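Participant: Attaching a single structure in structure tokens format; questions to follow.
The values are calculated or read from the model by the stated rules, or taken from the named source; none is laboratory data. Small disclaimer: the values here were computed from a predicted structure and weren't measured. Cβ placement follows ideal geometry from the backbone for every residue including glycine, while neighbour counts extend to all protein chains displayed. Protein only, heavy atoms only, side chains kept; ligands, DNA and RNA dropped before computing areas. Shrake-Rupley method; radii C 1.70, N 1.55, O 1.52, S 1.80 Å.
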Amino acid sequence: QVQLVESGGGLVQAGGSLRLSCAASVNFFRINAINWYRQAPGKQRELVAAITSGPNTNYGDSVKGRFTISRDNAKNTAYLQMNSLKPEDTAVYYCNLVTAGIPGRSYWGQGTQVTVSS
């Protein structure tokens, strides 16, 4: 079964940067899409960024121009580079992989806490 290991979360001051990593136990040629979601306490989960094998990328409106999603197929690892962080970016961030197929199977990381101080 696919296993995901996330890293890179932590506490950062507003305006700072963090890079989240998501290492997968599956070859990325089997992965149709990689998504980063986030969820703050009391709020709905939202899609932050997505990347396909193309690679095509999409970003939530609140992070466009600040966040960058990427994938390293050789390392089977996805990344989320987060710049110009704001307190409202504070949330638990989750890596989500969707395998090729119709429908694809969805796998989730354990989540990593990102806290941005004012």
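Participant: Over the Cα atoms of the range 50-118, each weighted equally, I'd like the Debye log10 I(q)/I(0) at q = 0.11, 0.13 Å⁻¹, rounded to two decimals.
Facilitator: Each listed q maps to, in turn, -0.32, -0.44.
Participant: Any idea of the accessible area per residue across the chain, 1.4 Å probe, to the nearest Å²? Present the calculation step by step, with values, prior to reporting the outcome.
Facilitator: Details: 6450 Å² over 118 residues.
Result: 55 Å² of accessible area for each residue.
Participant: I want the antiparallel fraction of DSSP beta bridges within the chain, as a percent rounded to 5.
Facilitator: Working: 39 of 43 bridges.
Within the chain, antiparallel bridges account for around 90 percent of the total.
Participant: Report the residue, chosen from Lys75, Lys86, Lys43, that carries the largest GNM mean-square fluctuation when the chain is represented by alpha-carbon nodes joined by springs under 10 Å.
Facilitator: Sorting by GNM fluctuation, first place goes to Lys43.
Participant: Further, regarding this structure: Please state the charge dipole magnitude for the chain, taken about the Cα centre, from unit charges on C-beta atoms (+1 on K and R, -1 on D and E), reported in debye and rounded to the nearest 20. Walk me through the numbers before you get to the answer.
Facilitator: Working: 11 positive and 6 negative charges, 26 e Å.
The calculated dipole for the chain is roughly 120 debye.
Participant: Highest mean first, how do 94-106, 30-42 rank when packing is the count of other Cβ atoms within 10 Å averaged over residues? Walk me through the numbers before you get to the answer.
Facilitator: Values: 94-106: 14.8, 30-42: 17.8.
The most tightly packed comes first, giving 30-42, 94-106.
Participant: Additional query: When the Kirkwood hydrodynamic radius is evaluated over all pairs of different C-alpha atoms of the chain, what value in angstrom, to one decimal, is obtained?
Facilitator: Values: mean 1/r = 0.0703 Å⁻¹.
One decimal place: 14.2 Å for the Kirkwood radius.
Participant: Report, to the nearest whole %, how much of the accessible area of the range 29-103 belongs to carbon and sulfur atoms, 1.4 Å probe, protein only. Walk me through the intermediate numbers first.
Facilitator: Values: 1920 of 4090 Å².
Carbon plus sulfur share of accessible area: 47 percent.
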